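Scroll down for the structure; my scribbles are underneath it.
The values are calculated or read from the model by the stated rules, or taken from the named source; none is laboratory data. Because the structure is a prediction, the values reported are computed rather than measured. Calculation scope for accessible area: heavy atoms of the full protein, side chains included, ligands and nucleic acids excluded. Shrake-Rupley method; radii C 1.70, N 1.55, O 1.52, S 1.80 Å.
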Amino acid sequence: MLMLMRKEKSSVSSDLGELTVVYDGACPLCRRSVDWLDDRNPVVPLRTISASSTEAISRFGHIPNYGDDM
């Protein structure tokens, strides 16, 4: 489980850039988790992208096991 703690912004965050979280947009748990992440104040900016979006496909191509039943 990924846990992000609320923290004041520091000079470190500007050096790290941005993290991209690719999630299953059809999964209710995934969507709730992304909503939770979006409500936080992370040290590193987060960008959330649904795996089925055109942006995710153009940036990352085929995502192994995406859409397969677990």
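Sort out for me the helices (runs of 4 or more DSSP H) sitting completely within the range 9-70 that have 1 or more residues that are at pLDDT 80 or above and of a type in the set (A, V, I, L, M). Explain how you work it out, then say what you get.
Values: elements: 11-16, 28-38, 54-60.
Output list reads 28-38, 54-60.
If you go through the range 22-47 one residue at a time, how many are among the β-branched types (Val, Ile, Thr) and open to solvent by less than 40 Å² (accessible area, probe 1.4 Å)?
Here is the first cut: in the range 22-47, the residues among the β-branched types (Val, Ile, Thr) are 22, 34, 43-44.
Narrowing further to those that are open to solvent by less than 40 Å² (accessible area, probe 1.4 Å): 34, 44.
Within the range 22-47, residues that are among the β-branched types (Val, Ile, Thr) and open to solvent by less than 40 Å² (accessible area, probe 1.4 Å) number 2.
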